[in-house]
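Right, one structure below, let's go through it.
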Amino acid sequence: MRAVGSSACRVPAGQRGYSLIDLVMVVALIAVVAGIAVPVTGGAVAGHRFRGDSQALTQMVSVAKMRASAGFTRARVRANTLTNTYALEIWDKDTSAWVTEGGMLTMSRGVAFGFAALGTPPPNTQQAIGQSPECRAGLTAATAAIAGTACIAFNSRGLPVDAAGAIFGGHGLYLTDGTMVSATTITATPRIRRWFSRTSAADWREQQ
């Protein structure tokens with residue numbers, strides 16, 4: 001008969017549980033990995049939102065161009081640079097008023113209309129960097145300007161125009177998230193283009 005406490009009652013070394021030090025080290029390692037992963041993931045999500053907003057804005061400009069020529073009327077993208085919202089508007093010939101189509105869209109958190117400190121527009125687009133002209137309440141430059149807005153407008157032939165209805169090839173709508181700037185531009189050709197640049201320097205690259 002073997003005495004109590006003999007090797008027969010001992011737990012083999014390979015089957016022993018983790019010590020408190022082992023558990024503390026594992027928890028510390030998880031915290032370090034999480035601390036690295038969260039900022040990287042957060043930055044990736046923010047960049048994805050920014051590019052998504054930029055693409056949506058450019059697509060709406062394309063829709064405005066098509067709606068204008070298809071309806072033999074004026075159409076425009078109206079950006080509110082104060083509330084960071086935008087909408088597609090069609091000129092209703094019967095009521096002589098702009099009608100919002102599809103509702104007002106809002107930029108993602110952290111995305112706003114602007115071009116930070118950049119002083120140079122994308123190549124062969126504008127003479128000087130800036131948002132498109134303010135929207136007007138009517139079809140002529142004599143009607144009241146709407147403060148805090150910027151409009152890319154098209155006539156019934158799908159050509160970009162200014163507030164007076166004259167062909168205008170210097171349109172631009174700029175977005176920024178504090179790190180990058182995107183631009184949706186349209187010249188008199190009329191070609192709609194989308195660009196990206198860092199906020200620190202104008203290194204514009206067109207998105208194909």
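Once the convex hull of the C-alpha atoms of the stretch 115-208 is built, how many Å³ does it hold per residue, rounded to a whole number?
Per-residue hull volume (Cα only) is 97 Å³.
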With bins 10 Å wide starting at 0, give me the P(r) of the stretch 16-206 over every alpha carbon pair, in whole percents. 9, 33, 28, 12, 6, 5, 4, 2, 0
Please arrange His171, His48 by how many other C-beta atoms lie within 10 Å of their C-beta, fewest to most. His48, His171
In nanometres, the difference between 0.36 nm per residue of separation and the alpha-carbon distance of Phe72 and Ala188 is 39.9 nm
Sorting Thr85, Thr185, Thr125 on the 10 Å Cβ count, fewest up front, what's the list? Thr85, Thr125, Thr185
Going by C-beta contacts inside 10 Å, put Glu134, Glu89 in order with the fewest on the left. Glu134, Glu89
In nm, the gap between the two label points placed 7 Å beyond Cα toward Cβ at Ser96 and Ala142 is 1.1 nm
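Throughout, read-outs are computed from the coordinates displayed, never taken from laboratory work. Not measured: the values here are computed from a predicted model. Note: ideal-geometry Cβ built from the backbone for every residue, glycine included; neighbour counts use all protein chains shown.
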